[in-house]
1. Of the chymotrypsin sites (Phe, Trp or Tyr not before Pro) in segment B:1-47, which ones lie in a loop per DSSP and count no more than 16 other C-beta atoms within 10 Å?
2. How much of the accessible area of segment B:19-68, probe 1.4 Å, is carbon plus sulfur, in whole percent?
3. Per residue, what volume in Å³ does the convex hull of the Cα atoms of segment B:153-290 enclose?
4. Between their Cα atoms, which of B:337/B:358; B:114/B:392; B:304/B:368 are more than 31 Å away from each other?
5. Given R₀ = 56 Å, FRET efficiency for residue B:393-residue B:106 by Cβ-Cβ distance, to 0.05?
6. Quick check: pseudo-label points 7 Å beyond the Cα along Cα→Cβ at residue B:18 and residue B:442, how many nm apart are they?
7. For the full complex of protein chains and a 1.4 angstrom probe, list B:146, B:82, B:205 by accessible area with the highest value first.
8. Just name one of A:26, A:87, A:40: the one whose Cα is farthest towards the positive end of the charge dipole of chain A (beta-carbon charges, Lys/Arg +1, Asp/Glu -1).
Amino acid sequence: MSSELNIDRIARLARLKLTDDEKQKLAPQLAKIVDYIDLLGELDTSDVEPTAHILPVQNVFREDDPVKNFPEADYLSLAPKPDKGHYEVPKIIG
Amino acid sequence: MKYETVIGLEVHCQLKTKTKIFCSCSTEFGKNPNENTCPICLGMPGVLPVLNRQVVNFAVRAGLATHCRIEPMNQFARKNYFYPDLPKGYQVSQFDHPLATGGYVNILIDGEKKKINLTRIHMEEDAGKLVHGENMGNPESSYVDFNRTGVPLIEIVSEPDLRSSEEARAYMVELKSILEYADVSDCNMEQGSLRCDANVSLRPFGQEEFGTRTELKNINSFKFVQKAIDYEVERQTSLLEQGDKVILETRLYDSNRGVTYSMRSKEEAHDYRYFPEPDLVPIVLDEACVEEIAKTLPELPEPKRERFTAEYGIPAYDAQVLTATRPLADFYEETVKLHNHPKAVSNWMMGDLLRELKNDDQEIQDCKLTPQRLAGMLDLIEAGTINGKIAKTVFEEMYNTGAEPETVVKEKGLGQIADEASIEKLVDQILEDNPQQTADYRNGKEKLMGYFVGQLMKASKGQANPALANKLLKQKLGSGS
């Protein structure tokens, strides 16, 4: 069924750099997994309401009150390249 | 071949909540970079987002104000893509169950009403801000500020109902006005709290099928909406005329150069792999709750416009200008309540007042003029104490200093000269200084009256009571002595 997987496209979407060997090895494995999941499609779910959430809970809200959680925390220091109060990353648009 | 322009707009509007959509971080603008962040908006593993109640309230208001159907059940979804301004690797948005659907916005084009249908309105979180390297030290890097990450937005998606850049602009103007009336956003375009993406395509006139579209990203002013679309229409027209094809792509508008340029090519076309956000539960809005919110909406721009033309008998154009913002409309109504000449009030507001405000880049609620003072000045004109020309001076003084009209007139000696003796003296002098014209007038050249009135107004610095001036001039010139 879905064995026609485009491994290059999937790798690009997941930001994975795969070697040709890896692609050859992974493509059939992925196709198998997807085929297996497709088994679900054989079930007759016409009488089942679509599940919005696994818990029967709705409308969980917070009030709009500002709170500074963990004021001492220095998240920036966890980053590979903090610089001048910013997170430095590879150049995006040239 | 002649092509028809087809435009649909996706407008992003920042809601004016105090905190972010899924965490308690402040949304305050202008803080130090990355000051308004916490583990939730930074996308740390294991955190749990909780929805801000006020976001739903504002989004429902926006939906009702644009005649949408508020969906009884709506739900968030993850939109997956990688970009450094998006710490989680997905944006929490809505997909197959948006908050509101349908709806419309009426715009006025050349005095004609045109209905622009809406597809949907959904809630989502904003991404962070990227600063490019040149401004920060390392030109080979980009720098991320996550203060804006998680700030609540609504996205308002229109049907491809717009047919020109003028219509797109008018739609943005009207939408901004509605959102301001509904009090859900400050709609500050310079700070990016109202911005839009435009989907633009061309098709031969008469063809039903849409042409290939391009998406113009992140346009943040009325002027740029129009210019970016104009440029894009021109670009696509010349492609089609040369027998080339328009390719489906995202383009950015460069306001400095006045051009659009390609941002992503077709091969990289997005596949967002939306799926329901498992960390957030569905939102169920019953009719009573929506009804409660509807009750708190004020009169909106369109009904207000129609009421202004009906109730005050002013032209549709005046009504449109005066209802652009709520404070402006309130100012007008309060002034008319005190001085019941709606057109005169409209003329002064649309002319002098709006011009001064524009010059000073000021909002009406921040200026020194009040409805009481404007009405007071108009009363003085009506009573004949000052004429229209002098009123301009009084107006300027009131606008600049916040003085009362009577005070300005008294202190500057601007009241009309209404005693006969003073005017008579001026008339005598004018007749003496202009013997030739006086003689000509008496020999039948009666159209010289205008000349004499002009001389008298000049001599009295515009303060002579016009009726009295006319009467005395006629008397003196006619007496032949």
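1. Values: sites: B:3, B:22, B:29; in loops: B:22, B:29.
When the chymotrypsin sites (Phe, Trp or Tyr not before Pro) of segment B:1-47 are filtered for loop state and at most 16 Cβ neighbours within 10 Å, B:29 remain.
2. Details: 960 of 1790 Å².
Heavy-atom surface of segment B:19-68 belonging to carbon and sulfur, 1.4 Å probe: 54 percent.
3. 176
4. Numbers: B:337/B:358 25 Å; B:114/B:392 38 Å; B:304/B:368 25 Å.
The pairs that break the limit, which is 31 Å between Cα atoms, are B:114/B:392.
5. Values: r = 41 Å, r/R0 = 0.73.
It comes out at approximately 0.85.
6. Between residue B:18 and residue B:442, the label points sit 8.3 nm apart.
7. On the way: B:146 15, B:82 95, B:205 130 Å².
Output order, biggest surface exposure first: B:205, B:82, B:146.
8. Sorting the options by dipole projection puts first A:87.
The values are calculated or read from the model by the stated rules, or taken from the named source; none is laboratory data. Quick caveat, the model's predicted, so the values are computed rather than measured. When we count neighbours, we look across all protein chains shown, and the Cβ atoms used for this are built from the backbone with ideal geometry, even at glycine. Heads up: the accessible areas ignore ligands, DNA and RNA and are worked out on the full protein's heavy atoms, side chains in. Shrake-Rupley method; radii C 1.70, N 1.55, O 1.52, S 1.80 Å.
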